[in-house]
Amino acid sequence: MIRRLTEKDHKACFHLLKKKSAENLFIIGDIEVYGYSQEFQKVWGEFNQNGELIAVLLKYEENYIPFALGKFDARGFADIMLQDPTFKMMSGLKDITEKIEPFLKVEPKKKRQTYYAKCTKLQVKNDDRSDSVQKATIGDVYELVDMLNSVPEFSDSVITVDKKRRGIQDGTSRSFFIKEKEKIVATASTAAENTVSAMVVGVATLDNYKKKGYATMCMITLCTELLAEGKELCLFYDNPAAGNIYKRIGFEDIGFWMMYNY
């Protein structure tokens, strides 16, 4: 049986979602911030014959994110999406979304697959140079955004001072960086932080300062702080070479993250 979830279902919902905290980063974060009764956000749950919650489907604006630990009613979730005239996107772990995809009856306009990795324990520690890693404050936002926008890898990203400042203020993001000659040359950040997990983003080094281990130092400092708070870490990556760097730190692949546009 599939039905809308309410605040009364919160305990059961989070009991299921927290079994895979990193995998459910977005669902957990959205529910913590917006709850179950916003017009732009809705949450459905599938219950088995014993009344146990076994699957969750979250709608945030035009995007749907499903999650289940085992078998679930993929057709039922697809029907919910198809009945929504605002439905334009689906995203989630490949082993879940690929079960729903055939029931959506239309070919996606765009389909993207990225590696999805998580970390629950670091395999390395920072070296003696880690003292040079600084934690960003509101006063660093302008310089940090300028640096990120100058990195070619982020040319397609929308990185603004307002978004960076808001993330630091509301606790959904934090950044660490290294300076040389009073200029930020490497950084690593989080996004979509919630009470149990966070996503690592914005790992970057200026071209003239690469191969010094600066970005890795920023990442290790960032991850060390988050893991000490009991949070699981996750990240997306497209480049297997970059993936190898993350794996040396302690990240492990947990599958593929899919993004569909309809």
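Can you pull out the residues in region 170-193 that are open to solvent by 10 Å² or more (accessible area, probe 1.4 Å), farther than 14 Å from Asn208 by Cα and not hydrophobic (A, V, I, L, M, F, W, C)?
Asp170, Gly171, Thr172, Ser173, Arg174, Glu182, Glu193
Would you mention how many residues in region 82-95 are closer than 18 Å to Trp257 by Cβ and surrounded by fewer than 21 Cβ atoms within 10 Å (Cβ to Cβ)?
Of the residues in region 82-95, the ones closer than 18 Å to Trp257 by Cβ are 88-95.
Checking which are surrounded by fewer than 21 Cβ atoms within 10 Å (Cβ to Cβ) leaves us with 88-89, 91, 93-95.
So the answer is 6.
What about Asp140, is it over 18 Å from the mean Cα position of the chain (by Cα), among the acidic types (Asp, Glu) and either under 30 Å from Met81 (Cβ atoms) or open to solvent by 100 Å² or more (accessible area, probe 1.4 Å) (or both)? Talk me through it step by step, then tell me what you get.
Numbers: over 18 Å from the mean Cα position of the chain (by Cα): yes; among the acidic types (Asp, Glu): yes; either under 30 Å from Met81 (Cβ atoms) or open to solvent by 100 Å² or more (accessible area, probe 1.4 Å) (or both): no.
No; evaluated as a whole, the condition is false for this residue.
Take the residues in region 194-215 that are polar (S, T, N, Q) and under 16 Å from Val151 (Cβ atoms); name whichever of them is surrounded by the fewest Cβ atoms within 10 Å (Cβ to Cβ). Working first, answer last.
Of all residues in region 194-215, those polar (S, T, N, Q) come to 194-195, 197, 205, 208.
If we keep only those that are under 16 Å from Val151 (Cβ atoms) as well, we get 205, 208.
Working: Thr205: 22, Asn208: 8.
Step by step, filter region 194-215, then rank; the result is Asn208.
Please enumerate the residues belonging to region 110-137 that are surrounded by 12 or more Cβ atoms within 10 Å (Cβ to Cβ), closer than 20 Å to Thr205 by Cα and not β-branched (Val, Ile, Thr).
Matches in region 110-137: Asn126, Arg129, Ser130, Ser132, Gln134, Lys135, Ala136.
Could you run through region 197-232 and say how many residues are within 25 Å of Phe14 (Cα to Cα) and hydrophobic (A, V, I, L, M, F, W, C)?
Adding up the residues that qualify gives 8.
List every residue pair whose Cβ atoms lie under 7 Å apart, where the two residues are 6 or more positions apart in sequence or sit on different chains, the first residue falls within region 143-158 and is over 12 Å from Gly202 (Cα atoms), and the second residue, located anywhere, is open to solvent by less than 60 Å² (accessible area, probe 1.4 Å) and among the hydrophobic types (A, V, I, L, M, F, W, C).
If the second residue must be open to solvent by less than 60 Å² (accessible area, probe 1.4 Å) and among the hydrophobic types (A, V, I, L, M, F, W, C), the pairs left are Glu143/Ile184.
Given the conditions (1) touching a helix residue (DSSP H, G or I) at 6+ places or on another chain (Cβ under 8 Å); (2) closer than 18 Å to Val196 by Cβ; (3) without any contact (Cβ under 8 Å) to a residue 40 or more places away in the chain; (4) open to solvent by 20 Å² or more (accessible area, probe 1.4 Å), report the number of the one that Lys11 does not fulfil.
(1)
Select from region 189-239 the residues that are in contact with a Phe, Trp or Tyr (Cβ under 6 Å, 6 or more places away or on another chain), without any contact (Cβ under 8 Å) to a residue 60 or more places away in the chain and of a type in the set (A, V, I, L, M, F, W, C) and list them in ascending order.
Leu222
The values are calculated or read from the model by the stated rules, or taken from the named source; none is laboratory data. Remember, predicted model here, so these are calculated numbers, not experimental data. For neighbour counting, all protein chains shown are included, and Cβ atoms are generated from backbone atoms with ideal geometry for every residue, glycine included. Keep in mind that these areas ignore ligands, DNA and RNA; they rest on the heavy atoms of the full protein, side chains included. Shrake-Rupley method; radii C 1.70, N 1.55, O 1.52, S 1.80 Å.
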